[in-house]
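Participant: Here it is, the structure in full.
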Amino acid sequence: GDLSPWSSISFVTPCKAIPTPFKDNFENGLGCWQIKTSGTYAPKFDTEVYNSEKNSVYFYTAKNNFLYAYTPEFDVEDIRKMALTMKVYSNKVGTTYASEIVVGVLTNPADESTFAPVHVIAPTEKSTWQTIEVTFRDYEGDAYGNFGKYIAFRAGNADKANYIWIDDVELDIAG
């Protein structure tokens, strides 16, 4: 019979669940993190504003846009027993712009409706890295009653443009 020419396809497989303790300072890119956005902007690496090493992740969203960055799935029995520590920064604190990010848990990374917010983070000091800790004790699952194992960061504000950086993200058993 006749043979057809080779064809080339590209695909990405999901990363396997990762163990804790987990630490990411973004020096090797986003790795297995995923991004979803409702607008034209997406989180980007910033080599000028950072807490440690030489990279951070900058979240900018225009008015009425949202974006999500979420970790790979964590290999944990119960996310409610975990705590997240990270550094946050904004040079827009006290201005007419928003400086906030919502930390939550995502059950299904293909469906943003499974995002359950846990804590709103808003730096209080302009142009200063602040340490934030988020516990997931009060996480009650998504709207469907499922419990996720992906930590998600949602930036965006319906009323204003939003500016915020994150660095040195750590997940470990809550103290």
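Participant: Looking only at the stretch 127-152, filter to residues that are touching a residue at least 40 places away in the same chain (Cβ under 8 Å) and aromatic (Phe, Trp, Tyr); which one of those is most open to solvent (accessible area, probe 1.4 Å)?
Facilitator: The residue in question is Phe147.
Participant: Has the stretch 95-105 got at least one residue that is of a type outside the set (D, E, K, R), within 17 Å of the chain's Cα centre (by Cα) and open to solvent by 20 Å² or more (accessible area, probe 1.4 Å)?
Facilitator: Scanning the stretch 95-105, I find no residue that is of a type outside the set (D, E, K, R), within 17 Å of the chain's Cα centre (by Cα) and open to solvent by 20 Å² or more (accessible area, probe 1.4 Å), so the answer is no.
Participant: Same structure again: Checking the structure you have, find out if any residue of the stretch 92-111 is assigned to a loop (DSSP other than H, G, I, E, B), in contact (Cβ under 8 Å) with a residue 40 or more places away in the chain, basic (Lys, Arg) and under 21 Å from Ser56 (Cβ atoms).
Facilitator: yes
Participant: Can you name the residue in the stretch 1-36 that is open to solvent by 60 Å² or more (accessible area, probe 1.4 Å) and polar (S, T, N, Q) and, of all such residues, is modelled with the highest pLDDT?
Facilitator: Gln34
Participant: Restricting the search to the stretch 69-82, which residues are under 18 Å from Gly141 (Cβ atoms) and open to solvent by less than 40 Å² (accessible area, probe 1.4 Å)?
Facilitator: Tyr70, Thr71, Phe74, Val76, Asp78, Ile79, Met82
The values are calculated or read from the model by the stated rules, or taken from the named source; none is laboratory data. If you're wondering where the values come from, they're calculated on a predicted model, not measured in any experiment. Note that we place each Cβ from the backbone using ideal geometry, even for glycine, and neighbour counts take in every protein chain shown. To get the accessible areas, we keep the full protein, side chains included, count just its heavy atoms, and leave off ligands, DNA and RNA. Shrake-Rupley method; radii C 1.70, N 1.55, O 1.52, S 1.80 Å.
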